[in-house]
Amino acid sequence: MGWGFALAMASLLATAQQTNDSRILRRSVVGGWTVTDIAESDGGRIVELGRDGRTFSIRHHAIFWHGNGGERRGTLFAYSDCSSGDSDDPVEPRRRPGPDDFRRQFGAYFAECAVGRREQARLLRGLDRAYCLFDRWTAEAAADTANENARIAAYGGGRRPTLVRPARPAAACRESSPR
């Protein structure tokens, strides 16, 4: 294995670990994927969807912090000596990306890392159910962060904050979502 893969793996593994500055609120394994909800000591939240194998690592996360203007998502993909992904981009608040949207992202990553079709199917096996749990936990984290922001804004002003409920799941996740 090359240095690129080793560095990417070290970076990826660090994101899902509990530290002094964070604590894991919940974790579930669905179809070979791990979904983790992490509370940061500064009030932020990270929800991560990940899958690891001998020669690959996939990490997709949604992050929420006070004042960051909403949900941001990023993806890291490492395969053999190749790594790819995208930065923490904002998510359109009215559109919940579904598992098919996430799967489409991988077209460029797979091409960049020369991953064959059979291997692509193996790497993404079990994604749909796991992604739907990730989507549900992400919606809950977004609502929790928005509600905490509303409480902070209302503090000391003698008014009650307007609280929000979690967004509806992505269309592909509405019928059956793992608990």
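The values are calculated or read from the model by the stated rules, or taken from the named source; none is laboratory data. Predicted model only: the values in this text are computed from it and were never measured. So basically every Cβ, Gly included, is an ideal-geometry build from the backbone, and we count neighbours across all protein chains shown.
For the stretch 159-167, the criterion of being buried (at least 21 other Cβ atoms within 10 Å of the Cβ) and out of contact with any strand residue (DSSP E or B) (no Cβ under 8 Å at 6 or more places or on another chain) is met by none of the residues. The one condition from (1) part of a helix (DSSP H, G or I); (2) at positive phi; (3) of a type in the set (A, V, I, L, M, F, W, C) that residue 137 does not meet is (2). Pick from 51, 72, 45, 59: which is at pLDDT 95 or above and under 20 Å from residue 139 (Cβ atoms)? The match here is 59. Going through the stretch 149-164 one residue at a time, which ones are in contact with a helix residue (DSSP H, G or I) (Cβ under 7 Å, 6 or more places away or on another chain) and of a type in the set (A, V, I, L, M, F, W, C)? Residues satisfying the conditions are 163, 164.
Flag not set for residue 143, criterion: crowded, with 17+ Cβ neighbours inside 10 Å, among the aliphatic types (A, V, I, L, M) and within 17 Å of the chain's Cα centre (by Cα). Checked against the criterion of being in contact with a helix residue (DSSP H, G or I) (Cβ under 9 Å, 6 or more places away or on another chain) and assigned to a strand (DSSP E or B), the candidates 78, 172, 167 yield just one match: 78.
Of the set (1) in a helix (DSSP H, G or I); (2) modelled with pLDDT of 85 or more; (3) surrounded by 13 or more Cβ atoms within 10 Å (Cβ to Cβ); (4) out of contact with any strand residue (DSSP E or B) (no Cβ under 6 Å at 6 or more places or on another chain), all apply to residue 111 but (3).
Among the candidates 129, 96, 104, the residue that is farther than 15 Å from residue 58 by Cα and part of a helix (DSSP H, G or I) is uniquely 129. For the stretch 140-152, the count of residues that are farther than 17 Å from residue 79 by Cα, touching a Gly at 6+ places or on another chain (Cβ under 8 Å), modelled with pLDDT under 95 and assigned to a loop (DSSP other than H, G, I, E, B) is zero. Pairing each residue of the stretch 96-121 that is farther than 25 Å from residue 168 by Cβ and touching a residue at least 40 places away in the same chain (Cβ under 8 Å) with any residue that is of a type outside the set (Phe, Trp, Tyr) and surrounded by fewer than 18 Cβ atoms within 10 Å (Cβ to Cβ), provided the two are 6+ apart or on different chains, yields no C-beta distance under 9 Å.
Residue 37 meets each of the listed conditions (1) out of contact with any helix residue (DSSP H, G or I) (no Cβ under 8 Å at 6 or more places or on another chain); (2) assigned to a strand (DSSP E or B) apart from (1).
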